[in-house]
1. Using helices alone, I'd like the mean residue ellipticity at 222 nm for the protein assembly as shown: each DSSP H run of four-plus residues gives -39500 (n - 2.57), total over residue count, nearest 500.
2. Report, in cubic angstrom per residue, the convex hull volume of the C-alpha atoms of region A:333-491.
3. Using the Cα centre as the reference, give the magnitude of the dipole from point charges on the C-beta atoms of chain A (Lys, Arg: +1; Asp, Glu: -1; all else neutral), rounded to the nearest 20 debye.
4. Most exposed first by the Cβ proxy, i.e. fewest other Cβ within 10 Å, how do B:288, B:69, A:291, A:465 rank?
5. Placing a label point 7 Å from Cα toward Cβ, how far apart in nm is residue A:396 from its equivalents in the other copies, listed shortest first to one decimal?
6. Give the relative contact order (percent, whole number) for chain B; include only Cα pairs under 8 Å separated by 6+ residues.
7. Nm distances between the label at residue B:64 and the same-position labels in the remaining copies, 7 Å along Cα→Cβ, shortest first?
8. Give the shape of region A:227-384 as rounded, prolate or oblate, defined through the alpha-carbon gyration tensor: a ≥ b ≥ c are the square roots of its eigenvalues, a/c under 1.5 means rounded, and otherwise the shape is prolate if a/b is larger than b/c and oblate if not.
2 protein chains.
Amino acid sequence: MLSFRPVVLVTGVLVCALGVMMLIPMCVDLLSTDEVHRADWAAFAIGAIICVFAGGGGAAASWGPINQISRREGFLLTAASWLLLVVFAAIPLSLGGLELSYLDAFFEAMSGLTTTGSTVVTGLDDAPPGALLWRSMLQWFGGVGIVIMAFAVLPALKVGGMQIFKSEAWDTSEKFIANAAQYSIALSMIYVFFTVLCFLSLWAFGMPAWDALNHSMTTVATGGFSTRDASLSAFLTVGRAPLDLIVTFFMIIGSLPFGIFLAALLRGAWRRLFSDSQIQFFLSVVAILTILMMFRVLTLFEDMDVFSAFRLAIFNVVSIITGTGYATTDYNAWGPFAVGFFFCIMFIGGCAGSTSCGMKVFRFQVALAALNVYARRLAHPNGVFVARYNGRPLTDDVFVSVLSFFFVYFATFATMAVLLSGLGLDTLTALSAAGSAIANVGPGLGDIVGPAGNFSSLPDLAKLILAAGMLLGRLELFTILVILSPAFWRG
Amino acid sequence: MLSFRPVVLVTGVLVCALGVMMLIPMCVDLLSTDEVHRADWAAFAIGAIICVFAGGGGAAASWGPINQISRREGFLLTAASWLLLVVFAAIPLSLGGLELSYLDAFFEAMSGLTTTGSTVVTGLDDAPPGALLWRSMLQWFGGVGIVIMAFAVLPALKVGGMQIFKSEAWDTSEKFIANAAQYSIALSMIYVFFTVLCFLSLWAFGMPAWDALNHSMTTVATGGFSTRDASLSAFLTVGRAPLDLIVTFFMIIGSLPFGIFLAALLRGAWRRLFSDSQIQFFLSVVAILTILMMFRVLTLFEDMDVFSAFRLAIFNVVSIITGTGYATTDYNAWGPFAVGFFFCIMFIGGCAGSTSCGMKVFRFQVALAALNVYARRLAHPNGVFVARYNGRPLTDDVFVSVLSFFFVYFATFATMAVLLSGLGLDTLTALSAAGSAIANVGPGLGDIVGPAGNFSSLPDLAKLILAAGMLLGRLELFTILVILSPAFWRG
């Protein structure tokens, strides 16, 4: 039987916690020296009150011990908690000095919590500090949320082939931490550690502390929100330290499976950092794409030195492939090859179990393995062929899960693009906005949604479609789609 | 052991037969009243001689009985024969009055034999009749070739899920014609019948006999080559009979599974024409898309009556979804929704076992069935769920085949689009040319490859990439890709 009580209880607790977190940007606003910015504290205070009452009320009404959560309750809980956190997180943004409609605030909160990084806010340079911090915090929470989910929830739900990571997290034979809560705390500690390290590096190399704080949160979360309208390029003046390389390093850290960091720390399994098939594949892909883009950049800007070309190439490749979406330059101007290149690689994503977005590289590895087995079967129908991933055999069940994921991913992308075209967006904008939303990248292509543009001028319905795409992409599609399928609701 | 002898023998015979066929356009040129056109006979004479000698020589050198063809030899034979037929079919086009380079002629012949319909020929209105007929004949041969292959070869090779049609063709329990040769002849007779019917209809309703002949061949083949630069719109002057509706009808006929026509004729199983799951699905999709586009057309042209809107909508929907690619109007001007809409539907295709192109509707049906089973398994992990297609159970093996097909289709499409961008094509042109080639549609979007454009101005390498894409798409990808995989060549 499907029981809603645990769903309401957990979601209520999470919303309540979100309300408490709103006190941080509230305090930041109160400490502001600018009178207009100071007045923004009220938005967060009201938001906090609403969250604590609504969340706390829901939790209190459904209070009681939770013995077990079924698969179906797990899906409902995951979808409901992410959606409701966005709904409530949007409240202070809509009430405050950013002067957003609730729909715009919802879009911004969704873009934040899903670590997408598309923004409807114009004038970030003059925005109240509380609102800026809240945007960064949302991405940061979203990042750690997805890391914990990819470790503890998605493998159990068998979403899109994630079951191949199951035993890693829960196998009794290697249960080096006894229960899920401890796991989550340990993962969060690693996440905090990298964020602090990123903050210190940025600060030490000359970024103002406030900007370093915000950017460290949105970098490790591979989110991409910035405190400036010019994004990261505002800090890349000539003569400054190559802050973009620091950011690149931490975007890559954010795209690696945090579970492997945990294993390394707790069991001394440092070697797995280098022997893990997913990490090897991801870093190889990044290296190849960087070299490719470096050549393109060198042919484009003839007087550029090799190191500068490398910086430009690796930063943009990593920013897009990990779904971060920071901009230092408008690569729209790099010609059609670069445009097509960046459009394609944004779907790739990082490793499963990281904060990164997109389809995730392990799915490409599984798909390639499936194709290899399939090609062998076609050529030698009587042979028996078994593929392996990190030493474990891959079954047809996993192949169907992963290949279905690709199919639904493209179908969702195409549907979104056609719907956006129907709302009057031109083809390039519709395609890239749809792709950028479902892959949680942030910027698309063209004047409106490109790195130099802003999503605020899009029609309301387009913003809703994109917000839905972000949620679908972040929760690996099936977590949401299963709930929408009739099969789910049949006894 | 892999034996090349049967491959060379069959390919040689086919090339030899192609040479004999070149005598038809040769005679047409000789009968021409125009002196310049008459001189074009020599191109076909030379082509015929080369084909008969090269093909006949190959066949003679490898003559002998063929007892059995292994799976691997089947793949080689299929790929080699299609590629070599294109190589030889291009010869008269490159020698004749069209003044094409051999590469352009190769592109044109590939576009013909794969029933794509993209053209590099400018000035069709003044082209020699032999060359025009040869283009139409290539599409017509390509059409019947793919029908026979989809019935007799692809299911046995298990390409991209085609194994689900296997028993239909070869099951001993319903072997209503004993062997493959008879099958092929029977299918060809049906094909000829529909072509004649199409010719008579077009002729009776006012299209000149010569144009009716050519268009009937390229319509039933869902190819899309025309005798006019203005394509079919040259014959749609006001007051004329609605020739486009006749063409629409026969494009739909060409997109239905010919095996079912055969069963209907031979066993009186007429009811299957209406109960077949694939036909039902295809016609429903066409109906829904037509209604959708009708509304778009009606909002676009406010003074248009409902019947004209229906004509315009159904013609363009059918022309694109079946991969024919005739143009009556430039739908590029219908706004971004129509552009996105036509871009997406060109991938859908018609039924397996027809002359139509694209991914084929049965694959969407199988993918939807796979997703349905997958969603049920996610929600109810202990249940047992079986999907069926036309009453037969679908196994995980079929799911993997079909979903792999989608994956490779998109990967090939994306790779082609990026390569084309690298050659300097703008994003829209690169995307639509790549899609149009792999889906064997013909026209793309934009000024160069759009319905109003011409492929001749593309760089040579782009033409080669597109030609490769056409062959991949026509042979359902895996027929070619398997041969390129290392697994194929390992003992």
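What follows draws every value from the coordinates through simple rules; no lab data is involved. Here the structure is a predicted model, which means the values were calculated and not measured. Backbone-built Cβ (ideal geometry, glycine too); neighbour counts: all protein chains shown.
1. Numbers: 48 runs with 643 residues, N = 982.
Estimated from H runs of four or more residues: -21000 deg cm²/dmol.
2. Working: hull volume 26.0 nm³, N = 159.
Hull volume normalised by residue count: 163 Å³.
3. On the way: 24 positive and 27 negative charges, 419 e Å.
Roughly 2020 debye for chain A.
4. Final ranking by Cβ density, sparse to dense: B:288, A:291, B:69, A:465.
5. Once sorted, the set of distances for residue A:396 reads 0.6 nm.
6. Values: 813 pairs, mean separation 79.5, N = 491.
With pairs under 8 Å counted, the relative contact order is 16 percent.
7. Nearest first, the other copies' label points are 8.1 nm away.
8. Details: a/c = 2.42, a/b = 1.46, b/c = 1.65.
Oblate, because a/c is 1.5 or more while a/b does not exceed b/c.
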